[in-house]
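Just so it is clear, none of the values below were taken in a lab; they were calculated from the coordinates. Just so we're clear, the structure is a prediction, and the values are computed from it rather than from any experiment. Here Cβ is always computed from backbone atoms with ideal geometry, including for glycine, and neighbour counts include all displayed protein chains.
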Amino acid sequence: MRRLLVAGNWKMNASSEMTGTLLSGVLDNLPDHCDVAVFPPFPYISQAVDLVGGAGVAVGAQNVAKDDEGAFTGEVSAAMLADVGCTMALVGHSERRALYAESDYDVLVKVRQLVKHGITAVVCVGETLEQRKAIREESVVSEQLSLLIGELSNADWEKMIIAYEPVWAIGTGETATPEQAQGMHAFIRSELKKVSDTVAAKTRILYGGSVKAASAAELFSQPDIDGGLVGGASLDAAEFTAICRA
């Protein structure tokens, strides 16, 4: 059975003080029925790893380089992330795709880097509002998954999580209905059967897009939704832990 995961993507929001305060609040109210992860900005990853210790909170990065090392100013490799205790990393977030032209091939290369260094890749997929209005949401998500499905092995998929984030629901206050979210999660799981039935059954698929405590319980009760990738609400320890308890 897939265990629920609630992951907080802090985006470009943090300070040393905030990291300490936020993680203290999370650790004080940590549920035991689901996994919890946080994704702080790069400068605060080591601090977060030290603070959570072995308390059951995974620490992830928001991005990773396509190369192991070399003359790539400003980049952070998977080897470096593993060295400081990172166990997860986001790949292909809609903001990376839209603002930094990250392609599906870039996502594949980054996933391979993460898997090579034992880091779980949380791969983000999702359609824009225009694509949903054109009834293209399934074809868009299928295309975003196609290289991963075609190129990665069953063993690679053991270090993979998919996060479905409808772009129109990120930071807008809009949330897909539980029925809309479940429909897409079921579609994604059917796509993963192209790898194998085992991969489809075991891979966790998270929902992201203005997740709040008030909506989390109904979303997480859907059969193919295995938790959430939480944005703004993850910056409030009380709200984030309420989502975890949901």
**Message:** Quick query: amide H of Gly227 versus all other amide H atoms, modeled in the peptide plane; which residues come in under 5 Å with a sequence gap of 5 or more or a different chain?
**Reply:** Leu5, Tyr207
**Fill in**
Counting lysine pairs in the chain that sit 8 or more positions apart or on different chains, with Cα atoms under 25 Å apart, gives 22
**Prompt:** Where does each of Val36, Val230 land when they are ranked from fewest to most other beta-carbon atoms within 10 angstrom?
**Reply:** Val36, Val230
**Asked** Going by average Cβ neighbours within 10 Å, how do the peptides 199-208, 73-82, 41-50 rank, with the highest at the top?
**Response** 199-208, 41-50, 73-82
**Request:** Among His117, Gln131, Ser94, flag the residue with its Cα farthest along the positive direction of the charge dipole of the chain, charges on Cβ as +1 for Lys/Arg and -1 for Asp/Glu.
**Result:** Gln131
**Asked** Could you work out the helix-only [θ] at 222 nm for the chain, with each DSSP H run of four or more residues adding -39,500 (n - 2.57) and the total divided by the number of residues, to the nearest 500 deg cm²/dmol?
**Response** -12500 deg cm²/dmol
**Cα-centred dipole magnitude for the chain, charges only on beta-carbon of K, R (+1) and D, E (-1), debye, nearest 20** = 320
**Asked** When the dipole is taken about the Cα centre of segment 16-69, and only Lys, Arg (+1) and Asp, Glu (-1) are charged at their Cβ, what size is it in debye, to the nearest 20?
**Response** 120
**Farthest positive-ward along the chain dipole, Cα basis, beta-carbon charges - from Ala200, Pro31, Thr175** = Ala200
**Asked** Between Ala201 and Gln47, what length comes free when the chain is fully extended (0.36 nm per residue of separation minus the Cα-Cα distance, one decimal in nm)?
**Response** 52.0 nm
**Asked** In angstroms, what radius of gyration and Dmax does segment 1-74 have, counting Cα atoms only?
**Response** 13.8, 44
**Request:** Quick one: which residues, 5 or more positions from Ala37 or on another chain, have an amide H under 5 Å from its amide H? H modelled 1.01 Å from N in the peptide plane, none for Pro or chain starts.
**Result:** Val6, Ala7, Gly8, Ala58
**Message:** If I build a Gaussian network model for the chain, linking alpha-carbon pairs within less than 10 angstrom, which residue out of Leu148, Leu90, Leu51 has the largest mean-square fluctuation?
**Reply:** Leu51
